[in-house]
Structure formats: C-alpha cells, structure tokens
1. Any lysines with Cα under 25 Å of the Lys220 Cα? List them, leaving off those in the same chain fewer than 8 positions away.
2. Charges only on Cβ, +1 for Lys and Arg, -1 for Asp and Glu: so what's the dipole of segment 2-101 about the Cα centre, in debye to the nearest 20?
3. Between Met1 and Ile61, take the C-beta separation as r, use R0 = 25 Å, and let me know the FRET efficiency to the nearest 0.05.
4. Given points 7 Å out from each Cα along the Cα-Cβ axis, report the His119 to Phe97 separation in nanometres with one decimal.
5. If R₀ is 30 angstrom, what is the calculated FRET efficiency for the pair Ile39 and Glu231, using the beta carbon separation as r and rounding to 0.05?
6. Explain nothing, just compute: Karplus ³J(HN,Hα) = 6.51 cos²θ - 1.76 cosθ + 1.60, θ = phi - 60°, for every residue of segment 174-187 in order, whole Hz, x for Gly and Pro.
7. Determine the gain in length on full extension of the stretch Lys153-Tyr70; use 0.36 nm per residue of separation and subtract their C-alpha separation, reporting nm with one decimal.
8. Glu242 to Asp25: extension gain in nm, 0.36 nm per residue of separation minus the Cα-Cα distance?
Amino acid sequence: MKKLGLIGFPLGHSFSKKYYLEKFDKEHITDVNYDLYSIADIQEFEKIFKDSDFYGVNVTIPHKINVLPYLQELSPEAQAIQAVNCIQIKHTASGPFLKGFNTDVFGFMESLKPLLDDHHKKALILGNGGAAKAVEYALNALDISYKVVSRSKTETNLTYSELDAHILNEYYIIINCSPVGTFPNLEDAPDIPYDHIGNKHLLYDLVYNPPETTFLKNGKNNGAKIKNGLEMLVLQAEKNWEIWNEL
C-alpha cells in the first residue's frame, strides 16, 4: 500500500484527509492511503520520508518553512516564497529525493482568474503571513499590482487605518489572508471601510469555513462579487495529486 499524508502540529479536522479518502472511494483507487501525521518536531519527518511506501506529503503549520532543509529541490514558486505545502518523494538508489512545491499558488490563481474583469488591476492583501506570500506570487504572475495591509506600518505596506474611499476606489480586489472571521469568532471581520465597497469590487477570503464569512457578507451586501477559499483548496489538492503521480 502506497502512503500519502499531512504533516503538521497540532492536527485537528483535516480537509485534505477527507478530500483524498473520498476521492479514492469515488474513483476506485485502492492502492493508496492518506493519513494524518502530527509531528511537533520536524526531525520526526525523517522517519516518514525514509519509509519507502511514502511518495508524497502535504505540509501545514508550523512546518511549511522548517521542512526546507530536508528538500533537495524546490519548484520556482516554492523557491520564491520559501514555503512549501506539498512534497514529492522519490526513492532512488542513493536514498529519498524530496522536491517541494507550493500549490496554494496554483489553487488561488486558478480560482481567481474566472472572476477577473478589465477593471481588476490592483489588489489589497489583508494580512502578511505565509498565505499572503502565495497570493503575492500569484498576483505577480497575473500582472496585478497590490498593496499589503497590516496592523504595523512599513515602507511598503498600508495600515487598516489608512484605508479610505480614495484607496478603495483604486483597488477593486480585496483578499483576506488573515484568520479574522474564522471559528469561533464568526462575527469578526477585517477592519476596512465597507461603506466604500461597491459592485466593481471583488472580495476573496481564503477562509472556507464558514462558507460566507462576515467579510464576504459585508461585501455581498454592497454589491461586490465574493469568493471563499474552498475551490482554491480543491484545485490545490488536485494539483498535489498530479505532482505525486507524475512519472
């Protein structure tokens, strides 16, 4: 039995495990299993990738960066972002060969493309964590300029208090990469002036649970197009599967 899985710590509910096990059942794939591997110390990863039955893993917090020293190669987007969420494992005569990818980029970019109109030329990225790095890479690839919005002021970003009607009439894409609005604080939303959101705006929330965050509800109530992160996860998961099974 070939093995796939998710490494991270702590691991609770996993979209990945549910998704892949349902995929295996639906597509009658019987020679592969997908499981969760809760590892607090990244050094425990060595036991996993040295198991010759493993040919791929997903990576989540807190190991997306500290797994990098174990990898022999990075895809271009993983190299640029310096974070991976997908690792391909090939067992060779000289030992395991590990290549890291960041399929969040693919998932986000492909789910965003169908929503873009001609006036969607500039974006605001709310938050500056790891997820924001994947979004930045995708926006660069799509030739969409952007500004990061965070609580602390730097030379290049904006703060939430600086957002006003003028800025929101220039930046018609707003992407929430922060955890604001996730369970259990479902009523919370990023502190932006929603009164200046209109039907030219596109609001995208990387969160998918709940399906419609307060951030998205506020946008929809003002006529904006909205999108949650579920399709991004599905596209990313299928890209992982493609990577793991390429010859």
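Here, each number is a calculation from the coordinates, and none is a lab measurement. Here the structure is a predicted model, which means the values were calculated and not measured. Using ideal geometry, Cβ is built from the backbone for each residue, glycine included, and neighbour counts are taken over all protein chains shown.
1. Those lysines meeting the cut-off are Lys113, Lys121, Lys122, Lys147, Lys200.
2. On the way: 11 positive and 12 negative charges, 18 e Å.
So the magnitude is around 80 debye.
3. Result of the calculation: an efficiency of 0.35.
4. My value for the distance between the label points is 5.1 nm.
5. Details: r = 29 Å, r/R0 = 0.97.
Efficiency, rounded to the nearest 0.05: 0.55.
6. 10, 10, 8, 9, 8, x, 4, x, 8, 4, x, 8, 5, 7
7. On the way: separation 83, 0.36 × 83 = 29.88 nm, distance 3.45 nm.
Extra length from Lys153 to Tyr70 when fully extended: 26.4 nm.
8. On the way: separation 217, 0.36 × 217 = 78.12 nm, distance 1.74 nm.
Between Glu242 and Asp25, full extension yields 76.4 nm more.
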